[in-house]
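The values are calculated or read from the model by the stated rules, or taken from the named source; none is laboratory data. The structure displayed is predicted, hence computed values, not measured ones. When we count neighbours, we look across all protein chains shown, and the Cβ atoms used for this are built from the backbone with ideal geometry, even at glycine. All accessible areas refer to the heavy atoms of the entire protein, side chains included, with ligands and DNA or RNA removed. Shrake-Rupley method; radii C 1.70, N 1.55, O 1.52, S 1.80 Å.
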Amino acid sequence: MNKNLLIFTSKKNALLLSAFAAVCTLLVSLTYVYTAPLIEQQAQQDLLNKLNQVLVPERFDNNPLENCLHITDKSIFGDDESHVIYRATQQEQPYALVFQTQTLKGYNGLIKLMVAIDKTGKVQGVRTLQHKETPGLGDKIDLEKSDWVLSFNDMKVNSDTDKRWFVKKDGGYFDQFTGATITPRAVVNQLRQSIRYVSSNFDRLFVMENQCVVDEMLPPDSLVQPITTDPQSQFDEQKATLTTKDEVSND
């Protein structure tokens, strides 16, 4: 009798656990279904904010998220992965291309950048998207730390060896940072190469087939919303304690 009761109780508990697991799974699925569009909308808005930071607002009237192409080209992006180039237009005429590029030659490795150039090859804006450079030294590539990235505005790359597109320590136009030459050198060198390539292929890239369609999740006035700079991720204590001497030794 006790044995039968034990078996019945075990089966009952197993059924209850299974039912509980099924309900939890259902709730998680429903939560994802309801929140996924909101998450996607926020991601689209964040990206649009970044695009707005490197473009001149009054010079385009389209949503660049809806006009882009996917290509693989190490000369532009700094790796062999497929990336997106966004196209900004005014009255359906070409204004600018916006693309991301990156270099592994920063003092602490990977640096990711967003760049916009217009049809004449002039830089409309540059922003640092990701880096792990030393606080107080190499992190001056971040607009929140200094206005150094603004020095690229309205500049053009005239050749692969354009003498202006080097840091001053290498005979060029751009300032290096006190005690930290490696970081700005890596950024300038990568920008020189990628901007030259994109500007040389501007017309070809602009007429390629559109590969991006965005659902109507963003309001029409989202293009003119106030721009906010994304906060940089906090460095861990070990990175924060890197000494000036460490970076100076790698100038």
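If the condition is being open to solvent by 40 Å² or more (accessible area, probe 1.4 Å), of a type outside the set (S, T, N, Q) and not in a loop (DSSP other than H, G, I, E, B), then segment 128-159 contributes 129, 140, 150.
Here is a yes/no grid of residues against (1) open to solvent by less than 70 Å² (accessible area, probe 1.4 Å); (2) over 16 Å from the mean Cα position of the chain (by Cα); (3) over 20 Å from residue 207 (Cβ atoms):
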| site | (1), (2), (3) |
| --- | --- |
| 49 | yes, no, yes |
| 64 | yes, no, no |
| 68 | yes, no, no |
| 76 | yes, no, no |
| 82 | no, no, no |
| 86 | yes, no, no |
| 104 | no, no, yes |
| 120 | no, yes, no |
| 126 | yes, no, yes |
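Looking for whichever is on the phi > 0 side of the Ramachandran plot and either among the charged types (D, E, K, R) or not assigned by TED's automatic domain parsing to the domain that holds residue 196 (or both) here; the options are 79, 154, 118. Which one fits? Talk me through it step by step, then tell me what you get.
Numbers: 79 fails: on the phi > 0 side of the Ramachandran plot; 118 fails: on the phi > 0 side of the Ramachandran plot.
Sole residue among the options that is on the phi > 0 side of the Ramachandran plot and either among the charged types (D, E, K, R) or not assigned by TED's automatic domain parsing to the domain that holds residue 196 (or both): 154.
Among the criteria (1) open to solvent by 20 Å² or more (accessible area, probe 1.4 Å); (2) more than 20 Å from the chain's Cα centre (by Cα), the one residue 162 does not fulfil is (1).
Test residue 200 against the criterion of being of a type in the set (Gly, Ala, Ser), within 23 Å of residue 70 (Cα to Cα), surrounded by fewer than 16 Cβ atoms within 10 Å (Cβ to Cβ) and assigned by TED's automatic domain parsing to the domain that holds residue 72, and give yes or no. Walk me through how you get there before you give the answer.
Details: of a type in the set (Gly, Ala, Ser): yes; within 23 Å of residue 70 (Cα to Cα): yes; surrounded by fewer than 16 Cβ atoms within 10 Å (Cβ to Cβ): yes; assigned by TED's automatic domain parsing to the domain that holds residue 72: yes.
The answer is yes for residue 200.
Taking residues in segment 168-182 that are farther than 19 Å from residue 155 by Cβ, and partners anywhere that are part of a strand (DSSP E or B) and among the β-branched types (Val, Ile, Thr), the pairs with Cβ atoms closer than 9 Å and at least 6 places apart or on different chains are 181/167.
Among 48, 104, which is the only one that is closer than 19 Å to residue 143 by Cβ, at pLDDT below 95 and not in a loop (DSSP other than H, G, I, E, B)? Checking each option against the conditions leaves just 48.
Residue 179 satisfies every condition listed in (1) modelled with pLDDT under 90; (2) open to solvent by 70 Å² or more (accessible area, probe 1.4 Å); (3) at positive phi; (4) not aliphatic (A, V, I, L, M) except (2). Of the candidates 85, 117, 111, 76, the single residue that is within 19 Å of residue 198 (Cβ to Cβ), part of a helix (DSSP H, G or I) and in contact (Cβ under 8 Å) with a residue 40 or more places away in the chain is 76.
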